[in-house]
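This report refers to the structure that appears directly beneath it.
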Amino acid sequence: MDHLPSEKCIIALGPWLDSAAGAYVLAWEQSCLDALTADIFGFNAMQIGLPQINALSANRMPNKWLADTHVDLASGTRLAVAIAHDLAELPFASQSLDLVVLPHVLEFSREPHQVLREVERVLRPEGRLIICGFNSASLWGARQMAGRLSGSAFLPRDGEFISMPRLKDWLELLNMEVDQGYFGCYAPPCRTEKWLERFAFMEKIGQRWWPYLGAVYVVHAIKRVKGMHLIGPAWRRPVASSARAVPATNKAHKKK
């Protein structure tokens, strides 16, 4: 099957995630996503792309989907798969989802702005959006830039790092308010597990002394709708002119 150019880029990220550096990134992102999604409530949640990350594993919504342009049975995902011809045209109704997670989708998309616009369309008011991305302002970002010039990129060559300020600007234009942002993976861009373990001490040091220079980030945003007001409780209740029978339940229970 022929894949879209943008899909070929993100598919290239899959094998990279099987490397030592990929496992390092996955472990941190999985921990962060589990903590973020565990307390987001609603009915419908969706992860877009990259089934190598189980972004919704800790979320308790009854309906959870993985939107992707193809089905890879070997990925082992437990989510229902929604096939999309293009991730910029999602097969969901407007304002129908409570949570959307984009793990490394924007930086490998031909039209990241359109993907974000489509996500904004399908999110309900006050719906949540979580984005994972590689940080351009990091040692990994510098290594990727140097690798493009030398022909030995550390990450898939076609990925386009998006800085946190730039991403915030995009979200602001769509009335998406950034609620929280997290940075992680402060070790240098090493290819082997041995060297990554040697630099494990940099996690705590990085979080304290240069927190915005982590190799990856996770952003949590909320869809705001201008002019929408939450309705409070009705303090004055009309008095009934006569007593009314109120059914206690609408379900019939069988006696044991």
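Readers should treat all values here as calculations from the given coordinates under stated rules, not as data from a laboratory. Bear in mind that the values here come from a model prediction, so they are computed numbers and not experimental data. Heads up, the Cβs are rebuilt from the backbone with ideal geometry, glycines too, and the neighbour counts pull from every protein chain shown.
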Principal semi-axes in Å for region 100-203 [√(5λ), Cα gyration tensor, largest first]: 29, 17, 11
Cβ charges +1 (Lys, Arg) and -1 (Asp, Glu), total dipole of region 128-188, debye: 280 debye
Gained length - Arg224 relative to Phe43, 0.36 nm times residue gap less alpha-carbon distance: 63.3 nm
Separation of the His70 and Ala153 label points, Cα + 7 Å toward Cβ, nm: 1.9 nm
Phi to ³J(HN,Hα) by Karplus 6.51 cos²θ - 1.76 cosθ + 1.60 over region 17-23, Hz, x for Gly, Pro: 5, 7, 7, 4, 5, x, 5
Residue-count net charge about Leu99 - beta-carbon cut-off 12 Å; Lys, Arg +1, Asp, Glu -1: +2
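Of the listed peptides 214-224, 26-36, 169-179, 118-128, what is their order by residue-averaged count of other C-beta atoms within 10 Å, with the highest listed first?
214-224, 118-128, 26-36, 169-179
Can you tell me the alpha carbon radius of gyration of region 150-231 divided by the globular rule-of-thumb value 2.2 N^0.38 Å?
Working: Rg = 17.3 Å, N = 82, 2.2 N^0.38 = 11.7 Å.
Compared with the compact-globule rule of thumb, region 150-231 sits at 1.48.
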Relative contact order [Cα under 8 Å, 6+ residues apart], region 93-160, whole percent: 36 percent
Links that overshoot a 31 Å alpha carbon limit, given the list Lys64/Lys226; Lys64/Lys194; Lys204/Lys226; Lys194/Lys223: Lys64/Lys194; Lys204/Lys226; Lys194/Lys223
